[in-house]
Structures are given as structure tokens and as C-alpha cells.
Amino acid sequence: MTLTEEERELAHLVRQFADEVVAPRSYEADRTKTLPLDVVAAMGEMGLFGLPFPEEYGGQGGDYMALCLAIEALARVDQSIAITLEAAVSLGAMPVFRFGTEEQKRELLPSLLAGEALAGFGLTEPEAGSDAGATRTTARRDGDEWVLDGAKQFITNSGTEITRFVTVTAVTGEHEGRKRISTIIVPSGTPGFEVGPAYDKVGWHASDTHPLSFAGARVPAANLLGEEGRGFANFLHILDEGRIAIAALSTGAAEGCLEAAVDYARQRTVFGEALSTRQSVQFTIARMQQRLHIARLAWQHAARLRDAGRPFKTEAAIAKLTASDAAMDNARDATQIFGGNGFMNEYPVARHYRDSKILEIGEGTSEVQLLVIARALGIA
């Protein structure tokens, strides 16, 4: 798919930043399980967090294609940094931009779009993942306040030093026997709102992820985000967009594995010959390139549809399914090519191998993507 000159320049700029700033920090950040906030600040100075937002709120006036190009370029060297950007925009700022009041937008967006603050989105619960309708967290109205009780888990960007708030889905009543789910903004430091210890994850070690709990947490009634009872429907729209971004992230991971495999196969000698001279290795790497190419076409097509205001739900699901498979398959093949070195965390392919599995799970599992596609075909 053809990119504009401006898009190519952006991709090149972020790729250069990833190579020169992000990559040298990736191993240590992964080892210590620490999100480098100075790198986040540098990304903010570049305008990455504001790419798809209007200038009137501090954004860059770009589109979703621009954001996803940046995410792909970052994920090539560090998925933790890439998901920090993806979640900050798709799950942190975008709900406010899409559904917030003008007052909420002007109060909250500028610091988020500058990368000076982060926000999380509290959807997943111990009993409510893909089945978000099983939400148990509640919010009851008490005068001019909402009172929240419940728990969330696996919430990205929820416990950093610069996390400003989380947007939480909560049951606010019932209608015709069905739960009315709304979204409510809960500022960091709200009494009764606690951020649990960071998870000990398989991958994405430098990404900030925590469980959250609410015990009589009170926030102003004005913190309702969007129309009451529309929280679940609104989130589904946000999730469709997020799947394109996760597909771009997956594509970047697949490319990082491909590049590492090519370089290693050329340099590594076995029985006096470069590993790259073996046809089995050549075919494996060719398959990796095939997966990367198809994944990139898929997410860019979905992004173009989204930016053109056309339906993109099915295409986003196809892109997310295709690209996450490509990331996982390329990580596995690259690790195999590296042999014993591929099992050492100092090599990027080892981190990609650990990191990529979540791409088949987060923001809708592969099974959910298949269900979305089947429904579009009228067979589910």
C-alpha cells in the first residue's frame, strides 16, 4: 500500500528514534521491569501521543494511519514502549476525545497529548474479559457523586508516576433485565481507589500493568464519560480502532524478528559456511517476509478505511488476527534460527518471543476476531 511522502517521513523519523533512543534501553528496561519515563517524555516532545488528534486540544492534526506507523516503528525494537503509546492513545485519550464533554476534553486532553500524563482504561475483570457484559464493578449515584465498588485487572498505564486517571466501566443500573454499563473517569489518588502491585508478566516487562480495586471510591457526577448506559457500546467502537493499532504493533514485531533473523543468518557460520546458505533457513526467512508483507497490507487497509469514515470493523479484526499470528510465528522462527542464543534475553528475538503471545490475546483474543469475521459473513 502506497504511503504519502509525509507518512514516509514520519515512519522514518520514528524508526530512527527507535534505533537510537529506544533500542539501547530495551534490554535493561526489560530486565528491571521498568518503564523509562524519560523515553515517554521524549516521545511526547516528538508529538507521538497527539498524532491523531486535532490541534485545538494539543494534537498534531494527523490521523490513525500516522499513529499506527509510529507504533509499528517502535514495536520493531521494543513492544513495551509501543504498547505504552498504543494504550495511551487508544484507551487513554481516545475515549475522552470521542465521548467526553467539551469541558472534559479541554481539561484532560492537553497533558495526555503532550505525553506529560498517561491514562488507563479499566474494562477487564476477574470474571469479565471477552465477555465484557459480565461486568461486576458498580457505580451508584449518591447526590452529586458516583460511588464505585469492584475490581479491574490487567490495566495498562494505570500505575505510573504520571498516570492521571483511569476510565472505568461500571454497572449503573438495569434496563429490561440487562445491565446498563457506563464509563466513569476516576482520578489517581481518589480515596477508595487503589492500584495493586505490578504484575509479574511473561512479557512486556517494561509496560506498566496493574490490578485496580474500588471500595466506596467517590468521584463527581460530572466524571461520567459519555451518555449513561452507553459505556459498553462506546467501548466496542474504541476497541475496533485499537485492533488496528495492535495489528500495526504486531507487524512491527514481525519485522523486528525478520531483520534480526536475516542479520544473524548472514553472520553466523556453521561448518565453515554462513547459516544463510542453507535452503531450509532461506525458506524460513522467506516465510517470515511473506507474513510481514500480508500483515502490513491488512492493518494499513483497515486504517485507510477508518480514516475515510468507512466501515472497518471486520477489516480491523482480520488485520489483528493476521498480524498477531505473524508476530508469534516470526518470533518462533527467529528464535529457532538463533539457536541457543535465541533463548538469551539479551537478544531482541527472545524478548519478541515472550512479548508476542499477548498480541493473540489482548484487545480481543484470536477467537473473538474469528467470531467477528464469522458474524460479518452471516454464519454466527
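The values are calculated or read from the model by the stated rules, or taken from the named source; none is laboratory data. Note that the structure is a prediction, hence the values are computed from the model and not measured. A quick note on method: Cβ atoms are made from the backbone with ideal geometry, for glycine too, and the neighbour counts reach across all protein chains shown.
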Would you check if there is a residue in segment 366-375 being under 18 Å from GLY252 (Cβ atoms) and acidic (Asp, Glu)?
no
Segment 128-149: number of residues that are surrounded by fewer than 22 Cβ atoms within 10 Å (Cβ to Cβ) and within 12 Å of LEU212 (Cα to Cα)
1
I'd like the full set of residues that are exposed (fewer than 13 other Cβ atoms within 10 Å of the Cβ) and either modelled with pLDDT under 95 or aliphatic (A, V, I, L, M) (or both), limited to segment 274-303.
ALA286
Here are ALA66, ALA73, ALA41, ALA119: which of them is touching a strand residue (DSSP E or B) at 6+ places or on another chain (Cβ under 7 Å) and either in a helix (DSSP H, G or I) or more than 21 Å from LYS357 (Cα to Cα) (or both)?
ALA119
Residue ID - farthest from the chain's Cα centre (by Cα), chosen from residues in segment 115-144 that are over 16 Å from THR160 (Cα atoms) and among the hydrophobic types (A, V, I, L, M, F, W, C):
ALA139
Does ALA87 count as surrounded by 15 or more Cβ atoms within 10 Å (Cβ to Cβ), under 18 Å from the mean Cα position of the chain (by Cα) and modelled with pLDDT of 95 or more?
yes
Do we find that ILE337 is over 26 Å from the mean Cα position of the chain (by Cα) and surrounded by 22 or more Cβ atoms within 10 Å (Cβ to Cβ) in this structure?
yes
Out of (1) without any contact (Cβ under 8 Å) to a residue 40 or more places away in the chain; (2) touching a strand residue (DSSP E or B) at 6+ places or on another chain (Cβ under 9 Å); (3) of a type outside the set (Val, Ile, Thr), the odd one out for ARG180 is which?
(1)
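Matching residues to (1) crowded, with 17+ Cβ neighbours inside 10 Å; (2) touching a Lys or Arg at 6+ places or on another chain (Cβ under 8 Å):
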| residue | (1), (2) |
| --- | --- |
| VAL168 | yes, yes |
| GLU176 | no, no |
| PRO187 | no, yes |
| GLY192 | no, yes |
| HIS205 | yes, yes |
| ILE246 | yes, yes |
| ALA253 | yes, yes |
Among the numbered conditions (1) buried (at least 17 other Cβ atoms within 10 Å of the Cβ); (2) among the β-branched types (Val, Ile, Thr); (3) over 22 Å from GLU72 (Cβ atoms), tell me where VAL349 comes up short.
(3)
Looking only at segment 302-314, decide whether some residue is closer than 15 Å to ALA254 by Cβ, under 17 Å from the mean Cα position of the chain (by Cα) and either in contact (Cβ under 8 Å) with a residue 60 or more places away in the chain or not assigned by TED's automatic domain parsing to the domain that holds THR269 (or both).
no
